[in-house]
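The values are calculated or read from the model by the stated rules, or taken from the named source; none is laboratory data. Because the structure is a prediction, the values reported are computed rather than measured. All Cβ positions, glycine included, derive from the backbone under ideal geometry; neighbour counts span all protein chains shown.
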Amino acid sequence: MPKPDRDTGLLVDALARRDVTAQVVAWDAPFDWSSCRLALIRSPWNYWRHLGAFLEWGEAVSQVTRLLNPLSVIQWNCEKTYLFELQNAGLPILPTVHFRAGEPPSVDRLFANEFSGELVIKPTIGAGSNGALRARKDDLAFLPHLEVLLSRSDALAQPYVPDVSANGEMSLIYFEGKYSHAIRKRPAEGDFRVQDQYGGTLHEHTPSPREMEIAEAAIAAVPETTLYGRVDLVYFEGQPAIMELEVIEPELFLRKSEKGVERFASALQSHLAQ
């Protein structure tokens, strides 16, 4: 991504204060992973462009040291179709239509769905809003974009959520399944993408009881225990709904929470002691 990793240096410093040595290494760089006691995934923000190679890397690393989050979690989370598993578990997600790669896109399915006048189309494999397109449902000019996505992978269509432009998206961060801190991400005026490379800004946020309830249930629904995780929520029809659950390489906004940095460092130290 065209942005720096602003969190990992803070974590390395916090670990050093605990006499834990940490080294930042690119996942696809030559490195002897058996030389470390633990390999922590933090910001391999190009993984989705090289998913096959990344999963092979995760398999190889898992054979010589401990990988966190675990490979099974990466495999489960690397496609956004995990949202349907959360929905089947009773958790609220945005209404979502799934288009499978290679199949002709059925516009009828979009019109049959109770979407608003606008929708967002995105690939199931991606990060940072790459490949996301906002369009009116009655403007079939979005079809070429959808067809391009389907030539590469599956794709999803979801209703555009006006509240994101007005109030942003909430991110709740968890370590060892326990709540740490939260942030509200607001998009630039006239945009719907909350990432800072598109002009998005970060703001303090205190989660409501309902937001906490949904986020905790989402973290608990991951097939294996996670060291870290982030639940992104938006308000749809007046109620919080899950936009994404990120347990591979989410930005954890440690620079906005000194206590969050210490919680993460403490969790890592306890794993090293196991």
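With respect to HIS98, determine if the residue is surrounded by fewer than 20 Cβ atoms within 10 Å (Cβ to Cβ), at pLDDT below 90 and touching a strand residue (DSSP E or B) at 6+ places or on another chain (Cβ under 7 Å). Spelling it out, it is not the case that HIS98 is surrounded by fewer than 20 Cβ atoms within 10 Å (Cβ to Cβ), at pLDDT below 90 and touching a strand residue (DSSP E or B) at 6+ places or on another chain (Cβ under 7 Å). Of the strands (runs of 3 or more DSSP E) lying entirely inside the range 80-176, those containing at least 3 residues that are closer than 26 Å to PRO44 by Cβ and of a type in the set (A, V, I, L, M, F, W, C) span 169-175.
Do we find a residue being in the same structural domain as THR8 (by TED's automatic domain parsing), in contact (Cβ under 8 Å) with a residue 24 or more places away in the chain and within 13 Å of the chain's Cα centre (by Cα) anywhere in the range 56-67? No; the residues of the range 56-67 include none that is in the same structural domain as THR8 (by TED's automatic domain parsing), in contact (Cβ under 8 Å) with a residue 24 or more places away in the chain and within 13 Å of the chain's Cα centre (by Cα).
Against the list (1) in contact (Cβ under 8 Å) with a residue 12 or more places away in the chain; (2) within 20 Å of the chain's Cα centre (by Cα); (3) more than 24 Å from ALA221 (Cα to Cα), the condition GLY102 fails is (2). Taking the stated definitions as given, is VAL24 free of Cβ contacts under 8 Å to residues at least 24 places away in the same chain, more than 25 Å from ARG152 (Cβ to Cβ) and touching a Ser or Thr at 6+ places or on another chain (Cβ under 7 Å)? So VAL24 fits the description; yes. Taken across the range 245-255, residues that are buried (at least 19 other Cβ atoms within 10 Å of the Cβ) and either among the polar types (S, T, N, Q) or assigned to a helix (DSSP H, G or I) (or both) do occur, with at least one present.
Scanning the range 1-39 for residues that are in contact with a helix residue (DSSP H, G or I) (Cβ under 7 Å, 6 or more places away or on another chain) and not in a loop (DSSP other than H, G, I, E, B) returns LEU10, LEU11, ALA14, LEU15, TRP33, SER34, LEU38, ALA39.
Which residues, taken from the range 205-223, are touching a residue at least 60 places away in the same chain (Cβ under 8 Å) and either touching a Leu at 6+ places or on another chain (Cβ under 9 Å) or at positive phi (or both)?
ILE214, ALA217, ALA218, ALA221, VAL222
Among the numbered conditions (1) outside any loop (DSSP other than H, G, I, E, B); (2) surrounded by fewer than 16 Cβ atoms within 10 Å (Cβ to Cβ); (3) at pLDDT 90 or above, the only one that ILE74 does not meet is (2). Scanning the range 244-262 for residues that are among the basic types (Lys, Arg) and under 26 Å from GLY126 (Cβ atoms) yields ARG255, LYS256.
Of all residues in the range 15-35, none are under 12 Å from LEU268 (Cα atoms), in contact with an Asp or Glu (Cβ under 7 Å, 6 or more places away or on another chain), surrounded by 12 or more Cβ atoms within 10 Å (Cβ to Cβ) and aliphatic (A, V, I, L, M).
Counting only residues that are touching a residue at least 60 places away in the same chain (Cβ under 8 Å) and either loosely packed, with under 14 Cβ neighbours inside 10 Å or not assigned by TED's automatic domain parsing to the domain that holds PHE54 (or both), how many does the range 1-12 have? Residues flagged as touching a residue at least 60 places away in the same chain (Cβ under 8 Å) and either loosely packed, with under 14 Cβ neighbours inside 10 Å or not assigned by TED's automatic domain parsing to the domain that holds PHE54 (or both) within the range 1-12 amount to 2.
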